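Remarks on the structure that follows.
The values are calculated or read from the model by the stated rules, or taken from the named source; none is laboratory data. Given the structure is predicted, the values throughout are model-derived calculations rather than measurements. Here the Cβ positions follow ideal geometry from the backbone for every residue, glycine too, while neighbour counts run over all protein chains shown. Heads up: the accessible areas ignore ligands, DNA and RNA and are worked out on the full protein's heavy atoms, side chains in. Shrake-Rupley method; radii C 1.70, N 1.55, O 1.52, S 1.80 Å.
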Amino acid sequence: MREHDVVVVGAGLAGMRAAIAAHEAGVDVALVTKLHPVRSHSGAAQGGINAALGNETEDSTDNHTFDTVKGADYIGDQDAIEILCERAPLEVYQLEHWGAVFSRQEDSGKIAQRPFGGAGFPRTCYAADLTGLVILHTLYTVCVKYDIPTYEEWFVTDLVTDDSGNAVGVVAYDMIHGKIETIGAKAVVMATGGAGRVYRPSTNAHASTGDAMSLALRKGVPLKDMEFMQFHPTTLAANGVLVTEGARGEGGYLLNKDGDRFMSKYAPNKLELASRDVVSRAEATEIQEGRGIDGCVLLDLRHLGRDRIMERLPQIRELAIAFAGTDPIEEPIPIRPGAHYHMGGVHVDNWGAAPHMPGLFAAGECSCVSVHGANRLGGNSLLEAVVFGARAGEASAAYAQEAPAPKVPTNAADETQARIEELLSRENGPRQAEIRDELATVMQEKVGVFREDATLREAKATVDNLRQQFQGVVVDDKGKTFNTDLIHTIETGYLLDLADCMVTGAIARHESRGAHSRTDFPDRDDENWMKHTLAYLDDGEIRLDYSPVTMTKYEPQVRSY
């Protein structure tokens, strides 16, 4: 068995930022990741990271806080949102000092900031349209400088607890050597990202299978607000590839088949820069009512001109040419809403600690603090990853410095070993790809931008059936090393857990709030539903409970843009 003070599972922005913070606090910390760190999905983030720097504007952290509370449709915890926004400038400047190359204002040389949806001021710092990749590589260089041990291509299969229910490590499959190993720790930080692969198409990487959420759920830790899945307004129709909100922040228009700039009907003040849930519903409505083009609307950047597109949106141009056969300099890009970001996740407090399991922490998209509530503002995901990644790293280090040596069960890996051997020995049954394809299809069709009771219950029945089928799933590759068939099968089990939480929560929430839009309950219901959903796994069934929303100074208002 290997052992460290703190083990961080996942090496994207949240994971590496947590590891850096823990290392700086003086503890022995290690990263465990199923991918090389710079292949993490954080690198796909394009548009930017929010911070009220006040560069040539009257912006403030209070403005940022209010915009985030409003964007969350008033179900975000306001104390956590205040922490997010107040620490934002510090983290952005820290990234800059570590070497992140942000785009600059031509006249002053200060960090450039572009407008983003739902924001009252231009506060999104960016590096052209490669912001996530730039920050990811920056944090990786810091991890290398600090010589933080990294278990690359180790796939975590179980969270280990002691007799008292404390998190004391993880079990992982070492893909390179084909072995199952236990890594003991005084504290575990989960940072494995989102679960966008529950849907198809999705902007998420194939590795975004909600691993940490399912691992925590199976150990009795509740998942919070799982019914809230954000659909990004601009994804390429062919494959769900993201087209950054920065394209609209730079001045792009949304057009229907008649050439109308239709957002004037839905958000007359903010137009294309309303919050993402508002824009996605507007697009879906245009398409459903026959004003789309082959199931899409159009994103028009032509009026920005070649120079601005090449300077600010070069990757978007490359992606549009490669995957849509469209050069945005010459013609509009066909786009539609696509599954993008999960507001729900492991229930944690403002330090990333799981109240139900001492020693367990979570940060980034796999967690739910909750700073995004029912709808995340663009530019706040990278920010959450670094702010709460740092806080989880700091808190886990403080916990580890006080905790005794972990009492890791000697048989911690036995259950994983037995489960994998059973999978590999099975000869007849369904394949994971068949189950995953059916799951993604039903979630897309019945748990999408618009929802209603009848179709949600149909989705629930399908998920239940798929979970039953999964009990007999077959892994064709019987090998031990780099068995991606085995890994994808285990990931599919994770996705089924999370889909069940999402559908069950969506059926129960009888209102429309943020990204959860019920056609049979079209209004927000603050009297009955101003609360967080908590999903537990009891004897294979999802059980729901609820917890209060923390409010400080912002009372719920009618939300309009």
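Which numbered condition in (1) free of Cβ contacts under 8 Å to residues at least 40 places away in the same chain; (2) surrounded by fewer than 17 Cβ atoms within 10 Å (Cβ to Cβ) is the only one that residue 511 fails?
The number of the failed condition is (2).
Suppose the filter is touching a residue at least 12 places away in the same chain (Cβ under 8 Å) and surrounded by fewer than 21 Cβ atoms within 10 Å (Cβ to Cβ); does residue 103 pass it? Before the answer, list the steps.
Working: touching a residue at least 12 places away in the same chain (Cβ under 8 Å): yes; surrounded by fewer than 21 Cβ atoms within 10 Å (Cβ to Cβ): yes.
For residue 103, the condition - touching a residue at least 12 places away in the same chain (Cβ under 8 Å) and surrounded by fewer than 21 Cβ atoms within 10 Å (Cβ to Cβ) - is met.
What residue, among those in segment 462-483 that are buried (at least 17 other Cβ atoms within 10 Å of the Cβ) and hydrophobic (A, V, I, L, M, F, W, C), is farthest from residue 438 (Cα to Cα)?
Filtering segment 462-483 for residues that are buried (at least 17 other Cβ atoms within 10 Å of the Cβ) and hydrophobic (A, V, I, L, M, F, W, C), the one farthest from residue 438 (Cα to Cα) comes out as 475.
Could you say which residue among 539, 497 is over 30 Å from residue 272 (Cα atoms), surrounded by 15 or more Cβ atoms within 10 Å (Cβ to Cβ) and of a type in the set (Asp, Glu)? Can you show your working first?
On the way: 539 fails: surrounded by 15 or more Cβ atoms within 10 Å (Cβ to Cβ).
Sole residue among the options that is over 30 Å from residue 272 (Cα atoms), surrounded by 15 or more Cβ atoms within 10 Å (Cβ to Cβ) and of a type in the set (Asp, Glu): 497.
Output the residues belonging to segment 269-284 that are in contact with a Phe, Trp or Tyr (Cβ under 8 Å, 6 or more places away or on another chain), open to solvent by 10 Å² or more (accessible area, probe 1.4 Å) and among the aliphatic types (A, V, I, L, M).
Hits for segment 269-284 are 273, 278, 284.
Give the residues of segment 186-222 that are at pLDDT 95 or above and part of a strand (DSSP E or B), sorted by residue number.
186, 187, 188, 189, 190
Among the residues in segment 164-175, are any surrounded by fewer than 24 Cβ atoms within 10 Å (Cβ to Cβ) and closer than 24 Å to residue 434 by Cα?
yes
Please indicate, with yes or no, whether at least one residue in segment 324-332 is of a type in the set (A, V, I, L, M, F, W, C) and either buried (at least 24 other Cβ atoms within 10 Å of the Cβ) or within 12 Å of the chain's Cα centre (by Cα) (or both).
Let us first name the residues in segment 324-332 that are of a type in the set (A, V, I, L, M, F, W, C), namely 324, 329.
Restricting the remaining residues to those that are either buried (at least 24 other Cβ atoms within 10 Å of the Cβ) or within 12 Å of the chain's Cα centre (by Cα) (or both) gives none.
No, there is no match, as no residue in segment 324-332 is of a type in the set (A, V, I, L, M, F, W, C) and either buried (at least 24 other Cβ atoms within 10 Å of the Cβ) or within 12 Å of the chain's Cα centre (by Cα) (or both).
From the list 44, 21, 51, 30, pick out the single residue that is open to solvent by less than 10 Å² (accessible area, probe 1.4 Å) and out of contact with any Pro (no Cβ under 7 Å at 6 or more places or on another chain).
On the way: 44 fails: open to solvent by less than 10 Å² (accessible area, probe 1.4 Å); 51 fails: out of contact with any Pro (no Cβ under 7 Å at 6 or more places or on another chain); 30 fails: out of contact with any Pro (no Cβ under 7 Å at 6 or more places or on another chain).
That would be 21, the only listed residue that is open to solvent by less than 10 Å² (accessible area, probe 1.4 Å) and out of contact with any Pro (no Cβ under 7 Å at 6 or more places or on another chain).
Taking only segment 430-456 into account, find how many residues are over 22 Å from residue 505 (Cα atoms) and either touching a helix residue (DSSP H, G or I) at 6+ places or on another chain (Cβ under 8 Å) or of a type in the set (Phe, Trp, Tyr) (or both).
3
Of the conditions (1) over 20 Å from residue 498 (Cβ atoms); (2) modelled with pLDDT of 95 or more; (3) small (Gly, Ala, Ser), residue 374 satisfies every one except a single condition; which number is it?
Failing condition for residue 374: (1).
Could you give me the residue pairs with C-beta distances under 8 Å whose first residue belongs to segment 277-293 and is charged (D, E, K, R), whose second residue is in a helix (DSSP H, G or I) wherever it lies, and which are 6+ apart or on separate chains?
281/266
Looking at 426, 451, 431, which is the one that is within 30 Å of residue 174 (Cα to Cα) and open to solvent by less than 50 Å² (accessible area, probe 1.4 Å)? Spell out the reasoning first.
Working: 451 fails: within 30 Å of residue 174 (Cα to Cα); 431 fails: open to solvent by less than 50 Å² (accessible area, probe 1.4 Å).
Answer to the check: 426.
Here is a yes/no grid of residues against (1) touching a helix residue (DSSP H, G or I) at 6+ places or on another chain (Cβ under 6 Å); (2) without any contact (Cβ under 8 Å) to a residue 24 or more places away in the chain; (3) basic (Lys, Arg); (4) part of a loop (DSSP other than H, G, I, E, B):
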site	(1), (2), (3), (4)
498	yes, no, no, no
501	no, no, no, no
507	yes, no, no, no
551	yes, no, no, yes
554	yes, no, no, yes
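Show the residue pairs that are 6+ apart or on different chains and have beta-carbon atoms under 7 Å apart, the first residue being within segment 58-81 and touching a residue at least 60 places away in the same chain (Cβ under 8 Å) and of a type outside the set (Val, Ile, Thr), the second being surrounded by 22 or more Cβ atoms within 10 Å (Cβ to Cβ) and in a helix (DSSP H, G or I).
Within 7 Å, the pairs are 76/68; 76/69; 78/69.
Being part of a strand (DSSP E or B) and either acidic (Asp, Glu) or open to solvent by less than 10 Å² (accessible area, probe 1.4 Å) (or both) is the filter here; which residues of segment 345-360 pass it?
345, 346, 360 - these are the residues of segment 345-360 that are part of a strand (DSSP E or B) and either acidic (Asp, Glu) or open to solvent by less than 10 Å² (accessible area, probe 1.4 Å) (or both).
Which residue pairs have Cβ atoms closer than 7 Å, lie 6 or more positions apart in sequence or on different chains, and pair a first residue in segment 1-16 that is more than 22 Å from residue 383 (Cα to Cα) and open to solvent by 10 Å² or more (accessible area, probe 1.4 Å) with a second residue that is part of a strand (DSSP E or B) and among the acidic types (Asp, Glu)?
What qualifies is 2/181.
If you go through segment 470-479 one residue at a time, how many are free of Cβ contacts under 8 Å to residues at least 40 places away in the same chain and assigned to a helix (DSSP H, G or I)? Walk me through how you get there before you give the answer.
Restricting attention to segment 470-479, the residues satisfying the condition of being free of Cβ contacts under 8 Å to residues at least 40 places away in the same chain are 471, 477.
Still in the list and also assigned to a helix (DSSP H, G or I): none.
The total comes to 0.
Only residues that are touching a Pro at 6+ places or on another chain (Cβ under 8 Å) and open to solvent by less than 10 Å² (accessible area, probe 1.4 Å): list them for segment 54-80, please.
74
Can we say residue 460 is touching a helix residue (DSSP H, G or I) at 6+ places or on another chain (Cβ under 6 Å), in a loop (DSSP other than H, G, I, E, B) and within 27 Å of residue 158 (Cα to Cα)? First the steps, then the outcome.
Details: touching a helix residue (DSSP H, G or I) at 6+ places or on another chain (Cβ under 6 Å): yes; in a loop (DSSP other than H, G, I, E, B): no; within 27 Å of residue 158 (Cα to Cα): yes.
Judged against the criteria, residue 460 is not a match.
For segment 251-268, indicate whether the set of residues that are among the charged types (D, E, K, R) and open to solvent by less than 10 Å² (accessible area, probe 1.4 Å) is non-empty. Walk me through how you get there before you give the answer.
Looking only at segment 251-268, we keep the residues that are among the charged types (D, E, K, R), and these are 257-258, 260-261, 265.
Then keep just the ones that are open to solvent by less than 10 Å² (accessible area, probe 1.4 Å); that gives none.
No, every residue in segment 251-268 fails to be among the charged types (D, E, K, R) and open to solvent by less than 10 Å² (accessible area, probe 1.4 Å).
Within segment 285-323, which residues are in a loop (DSSP other than H, G, I, E, B), surrounded by 14 or more Cβ atoms within 10 Å (Cβ to Cβ) and modelled with pLDDT of 95 or more? So that I can check it myself, show each step before the final result.
Step one: of segment 285-323, the residues in a loop (DSSP other than H, G, I, E, B) are 289-292, 294-295, 301, 305, 313.
Now narrow it down to the ones that are surrounded by 14 or more Cβ atoms within 10 Å (Cβ to Cβ): 291-292, 301, 313.
291, 292, 301, listed by residue number.
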